[in-house]
Amino acid sequence: MSKECSHQEAVREVVRTLKEYGYIVKTEAWASTILGHRDCYIDSSGDFDVERWYRDFKFNVANMFLGRHSPWISIHNPNFQTRLDVVGLYYADCEELSLYSFFARTDPFEVAKRTILVEVEHRHSLEEAIKRIKDYPAGRKVILWTGGEIGGVLEEIPIVVAKKYEGDCYISLEFTDILEEHIREIKGKNRHKWLPF
């Protein structure tokens, strides 16, 4: 009979899987919740400023990965935060670049397309979990559910159930399918040459 994985076990298994697929991984990263509120990005003409939204997301991801070495650390606003349990960033096709060059891309969509957010939920309802991550401008979002029986898709976010078998936490192959699809999308959309900063 299967049991539930603990939160810590599930995070560890997600991180291991992401790293196997060539992602840079940060756990328990802090990101600005203001990035999830589109109202903050309505310009004076009443239009939604999508480029500024993604640019701020890029700065926030850079700060999470680079910490005090980030050139945008001064932009960090501690008044708007939430914890994201796992943040992965695919980099296999730009491994030669320095992190600074990568984060300083002029296209505001680059980092967002490469970022996958995984929320490992064990205390809240699925509705609350979806509310926490659905507006983040990431390439992929997944909720890993440690207390459920079956997975599925809610509001276009895959719900993947983690279970413990014979003492080990096991995440279904659906999670690796999501990663493979994310990598295919990245490779398909980014055939151009990378330019140094």
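The values are calculated or read from the model by the stated rules, or taken from the named source; none is laboratory data. These figures come from a predicted structure and were not determined experimentally. Methodologically, a virtual Cβ is constructed for each residue, glycine included, from the backbone with ideal geometry; neighbour enumeration extends over all protein chains shown.
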Test set (1) surrounded by 12 or more Cβ atoms within 10 Å (Cβ to Cβ); (2) modelled with pLDDT of 90 or more - residue 61 fails condition number: (2)
Tell me yes or no: at least one residue of region 71-85 is among the charged types (D, E, K, R), within 24 Å of residue 185 (Cβ to Cβ) and at pLDDT below 80. no
What pairs can you find where one residue is in region 50-73 and under 16 Å from residue 30 (Cβ atoms), the other is small (Gly, Ala, Ser) and exposed (fewer than 13 other Cβ atoms within 10 Å of the Cβ), and their Cβ atoms are less than 8 Å apart, with a gap of 6+ or different chains? 73/67
